[in-house]
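Shown next, in structure tokens, is the structure this report addresses.
Since every read-out is calculated from the coordinates, none of them should be taken as a lab result. Remember, it's a predicted structure, so these values are computed and weren't measured experimentally. Reconstructed Cβ throughout: ideal geometry from the backbone, glycine too, with neighbour counts over all protein chains shown.
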Ligand SMILES: Cc1cc2nc3c(=O)[nH]c(=O)nc-3n(C[C@H](O)[C@H](O)[C@H](O)COP(=O)(O)OP(=O)(O)OC[C@H]3O[C@@H](n4cnc5c(N)ncnc54)[C@H](O)[C@@H]3O)c2cc1C
């Protein structure tokens, strides 16, 4: 973190129709940067401005930015921060705020693992991202990363496991096989019918999603980036793109634009993305164990994935006393992220209770303590979409996290920033728009 903590900034925030308001109140950078609530409410926050001026900050729309990143989810936030580190003058904007409750990066926790069936790209991305998450966690007042371990349980031998083990060994990522007898001994709270063996990654675990993204934005701002709450309109077709416009009528000029709008990408680019990304409704359940029952707390229970079970249930121990968390990875119905209501279904709850009765009997009858509804933003095959806009050379589209993108935030940010500054000559074929099919 550079700069002087006592430097004063004019206090600015947006009213609820997006118009910028400059308050008379003067707030320190530490005040804004030091509070998550301040971050979400502060429309304009700039470390460089703080160091450079005592008069009110110029309106962000009046500036020419090197890069504007649209979308402060996990992909956009890390991209903005990595671009700043490449020396770029960066504006990050979001319609509702970093990791807001409708974003795919919202909510409590995300699993990080490097068991990817031996897939080089995602294994390496996940492993490369971990030090950044750990470093961020060390800076944060509350943990961003909980190294509770990641356990996969299997009903049959896996064709890809040997390759995955070999790749993880090469990278130095701890991963070992646990036979059934040892699983029974180590995890007596698990009902293991049908389970033959497990694989444990003891140094992996849970990233705190909302807190993590908001910390990234705080650090980005503290190091000189600017964040503003702006909802950007779909860019108008034309020969070139040198400016974008917000719904409040503000024009933002830049040399480059990076759209990291998650499940909203199809709405912004209906022709280019369309159904190459399909948002689906995903339900998440929390159950509080019996009073005094610590079997579902870390370290007794790691994060876990029931890999061969239909729907692939997965979950977390009670992190920070939130409760035992359970979700089903199978894609739910298609949804619109703007209108998707956030009430879990009775069928979903019935399904997870039936599953818990077998696999987690000690908590299966406990009342639901909390729930969430989020959306995956799925590409056709789960590969990310990271590519230049086919018409505009200065526009990158970044998305398609497909239910597994969160952990890769730092690596995606590094990758996209290198693409943007020309350090990478061409896009990875698997991320290219042309590699992804429309999904009907
Ligand atoms: C329930 C659930 C569980 C998951 N579990 C895991 C897991 O265990 N491990 C893992 O690695 N991944 C997991 N994922 C996947 C991962 O969370 C997502 O792939 C990732 O968060 C997507 O991030 P994003 O930045 O692309 O999108 P988002 O987080 O949705 O960010 C996009 C942002 O763009 C903004 N925006 C949209 N339109 C505009 C506009 N017009 N103007 C300005 N801003 C705009 C939005 O407000 C939003 O903040 C899970 C996802 C869900 C939903």
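Here are a few things to note about the model shown:
- GNM flexibility winner over the chain from 341, 193, 306 (Cα, springs under 10 Å): 193
- Straightening the chain between residue 351 and residue 293 buys 18.5 nm, computed as 0.36 nm per residue apart minus the Cα-Cα spacing.
- Highest average packing first - 278-284, 235-241, Cβ atoms within 10 Å: 278-284, 235-241
- Cβ-Cβ distance of residue 231 and residue 421, R₀ of 25 Å, FRET efficiency by 1/(1 + (r/R0)^6): the value works out to about 0.40.
- For the chain, a Gaussian network of Cα nodes joined below 10 Å ranks 153, 70, 385 by mean-square fluctuation, and the top entry is 153.
- Highest-MSF residue in the chain out of 73, 224, 292 [GNM, Cα springs under 10 Å]: 292
- Separation between Cα centres of the stretch 237-280 and the stretch 344-402, rounded to whole Å: 23 Å
- Backbone N within the stretch 289-304 under 20 Å of label point (7 Å from residue 320 Cα along the Cβ vector): 289, 296-304
- Global form of the stretch 276-324, assessed from the alpha-carbon gyration tensor, a/c cut-off 1.5: prolate
- In terms of its C-alpha gyration tensor, the stretch 125-185 has an oblate overall shape, because the principal axis ratio a/c (a ≥ b ≥ c, square roots of the eigenvalues) is not below 1.5 and a/b does not outweigh b/c.
- Kirkwood radius and radius of gyration were both taken over the C-alpha atoms of the stretch 170-257, and their ratio Rg/Rh is 1.30.
- Contour minus Cα-Cα distance for residue 275 and residue 185 (0.36 nm per residue): 27.7 nm
- Kirkwood hydrodynamic radius over Cα pairs of the stretch 121-240, then Stokes diffusion coefficient at 25 °C and 0.890 mPa s, in µm²/s: 138 µm²/s
- Distance histogram in 10 Å bins (all Cα pairs of the stretch 155-211, percent per bin): 19, 41, 32, 7
- Spatial separation of Cα centroids for the stretch 412-440 and the stretch 94-166, in angstrom: 20 Å
- Tensor-based shape of the stretch 374-440 (alpha-carbon gyration tensor, a/c under 1.5 rounded, otherwise prolate or oblate): oblate
- On the principal axes of its alpha carbon atoms, the chain extends 67, 47, 43 Å, with the longest extent given first.
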